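Have a look at the structure below before the remarks.
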Amino acid sequence: MTISDSQVAADWELAKLVHELDMQSSARQRERVGKLGLTIGQASALRELTGPMTLKELAVHMGCEPSNAIVVIDQLESQHLVERRPHPTDRRAKQLMLTPGGDQRRNELLASLRGEEPLMTGLTQQEQDALQDLLRRAISRH
């Protein structure tokens, strides 16, 4: 199948727009979590760690490989925000849990994120839903 020049141009423009949105969103997130002394990865782990879970489970929630998640968990553990405990049914595994300080930092993070202007301000709920649906469909095709 041959792709027309107009299709190539449309794909290129869409890629530019998605990239620009990602750059703006990432910059806002880095600034917001940086004020809490966190990196994006650390904030993601704190946000996703809603209860005891294994490193593998957390990595799935974070959308990364366990080898990347372990670096983040090591950092959070050194800050006394996360602790590893023996898994109750699997002697080979550890469960990750927030410490009281980690729970407090997570609450601060969530409050900070709630105070942020939504990424899709200016779009109706119907437009937001349609955009999310279209992006999911485009992602699932590749």
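The values are calculated or read from the model by the stated rules, or taken from the named source; none is laboratory data. All figures in this text were calculated on a predicted structure; none of them were measured in a lab. Quick reminder, even Gly has a Cβ in these numbers, built from the backbone with ideal geometry, and neighbours come from all protein chains shown.
Say we look at the stretch 86-122 and pick out the residues that are β-branched (Val, Ile, Thr) and more than 28 Å from Ser25 (Cβ to Cβ); which of these is modelled with the lowest pLDDT?
Thr89
Which of (1) in contact (Cβ under 8 Å) with a residue 12 or more places away in the chain; (2) among the charged types (D, E, K, R); (3) farther than 23 Å from Gln132 by Cβ is the odd one out, the single condition Glu48 does not satisfy?
It is condition (3) that Glu48 fails.
What's the total number of residues in the stretch 106-128 that are closer than 30 Å to Glu77 by Cβ and among the hydroxyl-bearing types (Ser, Thr, Tyr)?
Keep residues of the stretch 106-128 that are closer than 30 Å to Glu77 by Cβ, which gives 106-116.
The next check asks that each one be among the hydroxyl-bearing types (Ser, Thr, Tyr); those that pass are 112.
So the answer is 1.
So Gln104 passes all but one of these: (1) within 23 Å of Gly115 (Cβ to Cβ); (2) crowded, with 16+ Cβ neighbours inside 10 Å. Which condition number does it fail?
The single condition Gln104 does not satisfy is (2).
State which residue pairs qualify: first residue free of Cβ contacts under 8 Å to residues at least 40 places away in the same chain and on the phi > 0 side of the Ramachandran plot and inside the stretch 79-101, second residue surrounded by 15 or more Cβ atoms within 10 Å (Cβ to Cβ) and in a loop (DSSP other than H, G, I, E, B) in any location, beta carbons under 8 Å apart, and separation of 6 or more residues or different chains.
Sorted first by the residue in the stretch 79-101, then by its partner, the pairs are His80/Thr99.
Would you tally the residues in the stretch 40-55 being over 20 Å from Arg114 (Cβ atoms) and surrounded by 13 or more Cβ atoms within 10 Å (Cβ to Cβ)? Talk me through it step by step, then tell me what you get.
Looking only at the stretch 40-55, we keep the residues that are over 20 Å from Arg114 (Cβ atoms), and these are 41, 51-55.
Still in the running and surrounded by 13 or more Cβ atoms within 10 Å (Cβ to Cβ): 41, 52-55.
The number of residues fulfilling the criteria is 5.
How many of the residues making up the stretch 58-85 are more than 23 Å from Gln29 (Cβ to Cβ) and of a type in the set (D, E, K, R)?
Within the stretch 58-85, residues that are more than 23 Å from Gln29 (Cβ to Cβ) and of a type in the set (D, E, K, R) number 3.
Need the failing condition index for Asn68 against (1) touching a residue at least 24 places away in the same chain (Cβ under 8 Å); (2) out of contact with any Gly (no Cβ under 9 Å at 6 or more places or on another chain); (3) farther than 22 Å from Gly115 by Cβ, just the number.
With (1) touching a residue at least 24 places away in the same chain (Cβ under 8 Å); (2) out of contact with any Gly (no Cβ under 9 Å at 6 or more places or on another chain); (3) farther than 22 Å from Gly115 by Cβ applied to Asn68, the lone miss is (2).
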